[in-house]
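Everything below concerns the one structure shown next.
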Amino acid sequence: MRSTWRLAVFLLVLGATLGAQAEPPSSRLPGRKPDSTEPWGAFLGRAAHLAIGRQYSVQHPTNAVFLNTINLSTIVKNGKLGDPERLPEFVRRLRPDITDTDALVLFEIKPDNEEGRKEGREQAGRYLAALNDAIKPDKKLAGGTGFEGSLFLEFENGGALWQLSWRTPEPGVTLYRWSYRREKSHASWKERAAQKEEALPREEAEQRGQVAEQVLRAAYEKGEWPSGFQGQVYLPVDCR
């Protein structure tokens, strides 16, 4: 009983935190609203989550994959894992980053640092505990492994070159990082990708953070490019 109560408290706090983050201030090109309090890193975080989640779906086209817009109740029901009514009411609306109900694995996506790794481990563990306590014995989930990749964004037809890369160093925890290649005249994007990797400059993030999110969405959803964007997206299939 004590263990169940501790899990309930943990999940309740987690749900409140995620709920507070679920509706960030809106923004529009070329940058956020002047009165927005949303940090620029939030744009890059959302862009990473979007791209990594979509890429997992692309790599597993026949699997039932649920991304972070889908809550646990829907995952259990539509993934045919069991009865969603068995989930405690206060955890039904929580949304793991990637849940594959055919492979029976789950991933949490976090920045590639020690804090992100620890947070990802804790959240993945809580999601798995909540799910596995409510679903059929033969449908138990585990932390996913072996998921990694990278993609590139090229701005201004040969200007800045960004890289998003991700790895899964432990079950259920996928860590991402953004990096940067300096402009180099008359060089292909592959030649520039081979240059020394640098940390993404703050001014780059501030200038192009939201555009990166919109461009990646357009690339994966085959939608319209954001107005004013002049560049290219090189998805993992292009980077092989």
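The values are calculated or read from the model by the stated rules, or taken from the named source; none is laboratory data. No experiment lies behind these values; they were computed from the predicted model shown. When we count neighbours, we look across all protein chains shown, and the Cβ atoms used for this are built from the backbone with ideal geometry, even at glycine. When the accessible area is computed, the model is the full protein with side chains, heavy atoms only, and any ligands, DNA or RNA have been set aside. Shrake-Rupley method; radii C 1.70, N 1.55, O 1.52, S 1.80 Å.
Looking across the stretch 60-69, the residues that are open to solvent by 50 Å² or more (accessible area, probe 1.4 Å) and of a type in the set (Val, Ile, Thr) come down to 62, 69.
Selection of the stretch 72-87 for residues being touching a Leu at 6+ places or on another chain (Cβ under 7 Å) and open to solvent by 20 Å² or more (accessible area, probe 1.4 Å) yields only 73. Of the residues making up the stretch 203-210, not a single one is surrounded by fewer than 18 Cβ atoms within 10 Å (Cβ to Cβ) and small (Gly, Ala, Ser). Considering 74, 4, the condition of being in a helix (DSSP H, G or I), more than 18 Å from the chain's Cα centre (by Cα) and modelled with pLDDT of 95 or more is satisfied by 74 alone.
Of the residues making up the stretch 90-132, not one is out of contact with any helix residue (DSSP H, G or I) (no Cβ under 6 Å at 6 or more places or on another chain), of a type in the set (D, E, K, R) and surrounded by 24 or more Cβ atoms within 10 Å (Cβ to Cβ). The condition of being of a type in the set (Val, Ile, Thr), open to solvent by less than 20 Å² (accessible area, probe 1.4 Å) and not in a strand (DSSP E or B) holds for residue 215.
Evaluate the stretch 178-198: report whether one residue or more is open to solvent by 20 Å² or more (accessible area, probe 1.4 Å) and at pLDDT 95 or above. Yes, because at least one residue in the stretch 178-198 is open to solvent by 20 Å² or more (accessible area, probe 1.4 Å) and at pLDDT 95 or above. Looking at the stretch 28-71, which of its residues are modelled with pLDDT of 85 or more, part of a loop (DSSP other than H, G, I, E, B) and aliphatic (A, V, I, L, M)? If the condition is that a residue be modelled with pLDDT of 85 or more, part of a loop (DSSP other than H, G, I, E, B) and aliphatic (A, V, I, L, M), then 64, 70 are the ones that fit.
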